[in-house]
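Accompanying notes for the structure given below.
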Amino acid sequence: MSATVSLTRLVSALEFAGPGAAVWIDTSTGEVVESAEPPIDSSDQAARYQTIAVEVDERDLARRFCETVADPNDRRRLETALSNDQPIESFQNTLFRIGIAHQWFPFRERQVGERVKAWLEARGIAFVDDLG
């Protein structure tokens, strides 16, 4: 029987995974592991570790966030930032400049959480939705 995975821990690991690192779930303990190589000691353990394969398109998330911004001037500034040569960096700088970054981070976390939940459900992996 598989253990329960913390959605908060999993989303956090995905958001802060270093370059070249992958995020793994130990389905026997529910532990979330971030490493470049699978944390497998033997071939017997290969089935218990699953790599989290959730694609996050930052630009798409940013566009969706723009649709939720009530102030038309702020929304226009964010949309303009996304048309820049470095869209994500410009978008994030604009978030802080106009003072609504505190709205972006929970929005992003919820969106990533929804994708992770769908991925876990599709594989029958038990999780606790502790994102809040």
Based on this model, can you work out whether residue 114 counts as among the charged types (D, E, K, R), surrounded by fewer than 17 Cβ atoms within 10 Å (Cβ to Cβ) and under 17 Å from residue 11 (Cα atoms)?
yes
Within the stretch 117-132, restricting to residues that are within 15 Å of residue 56 (Cα to Cα) and out of contact with any strand residue (DSSP E or B) (no Cβ under 8 Å at 6 or more places or on another chain), the one that is surrounded by the fewest Cβ atoms within 10 Å (Cβ to Cβ) is 118
Filter pass, residue 92 being open to solvent by 80 Å² or more (accessible area, probe 1.4 Å) and either modelled with pLDDT of 95 or more or over 16 Å from the mean Cα position of the chain (by Cα) (or both):
no
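With respect to residue 28, is the statement that it is assigned to a loop (DSSP other than H, G, I, E, B), under 27 Å from residue 132 (Cα atoms) and of a type in the set (S, T, N, Q) true?
On the way: assigned to a loop (DSSP other than H, G, I, E, B): yes; under 27 Å from residue 132 (Cα atoms): yes; of a type in the set (S, T, N, Q): yes.
Here the answer is yes, as residue 28 does meet what is asked.
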Neighbours by Cβ (under 6 Å, 6+ apart or cross-chain): first from the stretch 113-125, among the aliphatic types (A, V, I, L, M); second open to solvent by 80 Å² or more (accessible area, probe 1.4 Å) and at pLDDT 95 or above
none
Looking only at the stretch 10-26, count every residue that is within 15 Å of residue 113 (Cβ to Cβ) and surrounded by fewer than 17 Cβ atoms within 10 Å (Cβ to Cβ) and tell me the total.
2
With the structure loaded, tell me whether residue 8 is at pLDDT 85 or above and either under 19 Å from the mean Cα position of the chain (by Cα) or assigned to a helix (DSSP H, G or I) (or both) or whether it fails that test.
yes
Residue pairs within 6 Å by beta carbon, gap of at least six or interchain, first lying in the stretch 1-21 and touching a residue at least 60 places away in the same chain (Cβ under 8 Å), second surrounded by fewer than 17 Cβ atoms within 10 Å (Cβ to Cβ) and assigned to a loop (DSSP other than H, G, I, E, B), listed first then second, are 2/126; 3/29; 4/126; 6/130; 7/129; 7/130; 8/130
Could you list, ordered by first residue, the pairs with Cβ atoms under 6 Å in which the first is in the stretch 90-110 and without any contact (Cβ under 8 Å) to a residue 12 or more places away in the chain and the second is not in a helix (DSSP H, G or I), at least 6 apart or interchain?
90/84
If you scan the stretch 48-88, which residues turn out to be open to solvent by less than 70 Å² (accessible area, probe 1.4 Å), closer than 30 Å to residue 27 by Cβ, in a helix (DSSP H, G or I) and free of Cβ contacts under 8 Å to residues at least 40 places away in the same chain?
58, 60
Given the criteria within 19 Å of residue 4 (Cβ to Cβ) and either at pLDDT below 95 or exposed (fewer than 13 other Cβ atoms within 10 Å of the Cβ) (or both), does residue 99 qualify?
no
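The values are calculated or read from the model by the stated rules, or taken from the named source; none is laboratory data. Please read these numbers as outputs of a predicted model, since none were measured by experiment. A quick note on method: Cβ atoms are made from the backbone with ideal geometry, for glycine too, and the neighbour counts reach across all protein chains shown. Calculation scope for accessible area: heavy atoms of the full protein, side chains included, ligands and nucleic acids excluded. Shrake-Rupley method; radii C 1.70, N 1.55, O 1.52, S 1.80 Å.
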